[in-house]
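*Asks:* Quick one: the structure is below, questions incoming.
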Amino acid sequence: MTSASDLLALAVDIACEAGELAHRRRSEGVAIAATKSALADIVTEADREVELLIRHRLQEERPDDGFLGEESGAERGTSEITWVVDPIDGTVNYAYGIPNYAVSIAAVTGDPHPATWTAVAGVVFAPALGELFTAARGGGAHLGHQVLAVSQPHGGAGALVATGFGYDPETHAGDLARLARVMPLARDIRRMGAASVDLSYVAAGRLDAYFERGLHPWDHAAGGLLVEEAGGRFGGPDGAAPSATMTIAASPDLFAAIERALAGDVPASAE
Ligand code: IPD
Ligand code: CA
């Protein structure tokens, strides 16, 4: 089997090329190509073009591997590796000219589903921010050459917590109710608009925690590995895998506090 560091090197190479293409297309002007699951769920021509670039590059370099991408769907491979790709995570930011968007590429082994796969290499490249986050299983998480570690907040209402809201308006009341339950743990809340970057920031200690309902596998495949390799815990509540039901990322202690708050337990700091 190919080593995690070789898979990471390829992912970095392709993510940089893809990110530069996304960045160039953004500077040329961006038009919304279509809406997807809801009016708010948009795709641009650049999302599609960038995913095709990534898919073609992977096909050239590793024709036996599987592929799971946000825009062009899934294809099973014959090797043990599947590439999980979000060509532009943070598409709404991208469309509005907000620089917080990223290319996210992960290599996973096992059945290509977050409940069963093992992420072995992951890259989140934010071209407009000039930041490259990388992780290889067992090799740590990095921002450029800097080694990353999750923060260790001291409890109380001291956590900087990021979250997000899905595109379906029907789900927003529930999302806001969950946010209200977590709020007593928070110093402040961020909604930055790109799940892969949120997870990278948790890995970097720039955010203490992140939680979101409704994520897709490509939103978190690379970022989740970054969190784990930075010493954090990443997954769903009650030992579940990360899923559309709920995904949490934080240091192990804060993860447990957020898990309890989401379940409806009022944290001690709120009493
Ligand atoms: C979205 C972003 C957003 C999150 C959504 C994702 P997209 O991905 O990561 O922050 O709240 O759940 O779907 O659509 O920009 O690739
Ligand atoms: Ca995404």
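Taken together, the values in this text are just the output of simple stated rules run on the coordinates, not laboratory data. Just so we're clear, the structure is a prediction, and the values are computed from it rather than from any experiment. Here the Cβ positions follow ideal geometry from the backbone for every residue, glycine too, while neighbour counts run over all protein chains shown.
*Asks:* Gain in length, residue 39 to residue 16, computed as 0.36 nm per residue apart minus the alpha-carbon separation, to one decimal in nm?
*Replies:* Answer, rounded to one decimal: 5.3 nm.
*Asks:* If packing is taken as the average count of other Cβ atoms within 10 Å, what order do 107-113, 129-135 fall into, highest mean first?
*Replies:* Per-residue Cβ counts within 10 Å, averaged per peptide and sorted highest first, yield 129-135, 107-113.
*Asks:* Report D for the range 68-134 in µm² per second (integer): Stokes-Einstein, Kirkwood Rh on Cα pairs, 20 °C, 1.002 mPa s.
*Replies:* Approximately 167 µm²/s, per Stokes-Einstein.
*Asks:* Using 0.36 nm per residue, how much length does the chain from residue 32 to residue 56 gain when fully extended, once their Cα-Cα distance is taken away?
*Replies:* Length gained, residue 32 through residue 56: 6.3 nm.
*Asks:* Run the quick spin-label model on residue 180 and residue 75: label points 7 Å from Cα toward the beta carbon, then report their separation in nm to one decimal.
*Replies:* 4.8
*Asks:* For the range 144-187, list log₁₀ I(q)/I(0) at each q in 0.15, 0.23, 0.25 Å⁻¹, using the Debye formula over Cα point scatterers of equal strength and ignoring solvent, two decimals each.
*Replies:* After summing over all Cα pairs, the log10 values are -0.55, -0.83, -0.88.
*Asks:* Once the principal axes of the Cα atoms of the range 1-155 are found, what is the range along each, listed largest first in whole angstroms?
*Replies:* For the range 1-155, the Cα spread along each principal axis is 45, 41, 29 Å.
*Asks:* Rank these for me by crowding, 61, 80, 170, 229, going from fewest to most other beta carbons within 10 Å.
*Replies:* In order of increasing Cβ crowding within 10 Å: 170, 61, 80, 229.
*Asks:* Separate question: Going by average Cβ density within 10 Å per residue, which order do the peptides 162-169, 176-183, 195-202 take, highest to lowest?
*Replies:* Ranking the peptides 162-169, 176-183, 195-202 by packing returns 195-202, 162-169, 176-183.
*Asks:* Moving on to the next point. Please quote Rg/Rh for the range 83-187 to two decimal places, taking the Kirkwood radius as Rh and restricting both calculations to Cα atoms.
*Replies:* Taking Rh as the inverse mean 1/r over Cα pairs, Rg/Rh reads 1.01.
*Asks:* Moving on to the next point. Can you give the local net charge around residue 208? Use residues other than it whose beta-carbon is closer than 14 angstrom to its beta-carbon, Lys and Arg +1, Asp and Glu -1.
*Replies:* Residues close to residue 208 contribute a combined charge of +1.
*Asks:* Still on this structure, I have one more. Ranking request for peptides 37-44, 93-100: highest mean number of other beta-carbon atoms within 10 Å first, then the rest in descending order.
*Replies:* 93-100, 37-44
*Asks:* Next question, about the same structure. In whole Å, how far is the Cα centre of the range 136-173 from that of the range 41-77?
*Replies:* 26
*Asks:* If the chain between residue 245 and residue 152 were fully stretched, how many nm would it gain, using 0.36 nm times the residue separation less the Cα-Cα distance?
*Replies:* Answer, rounded to one decimal: 30.9 nm.
*Asks:* Viscosity 0.692 mPa s, temperature 37 °C: Stokes-Einstein D of the range 106-257 from its Kirkwood Cα radius, in µm² per second?
*Replies:* For the chosen part, D equals 215 µm²/s.
*Asks:* Compute the Kirkwood hydrodynamic radius of the chain, taking the inverse of the mean of 1/r over all pairs of distinct Cα atoms, and give it in Å to one decimal.
*Replies:* Kirkwood hydrodynamic radius for the chain: 18.4 Å.
*Asks:* Please identify which residues in the range 212-235 have an amide N closer than 14 Å to a label point set 7 Å out from the Cα of residue 113, following the Cα→Cβ vector.
*Replies:* It comes to 217, nothing else.
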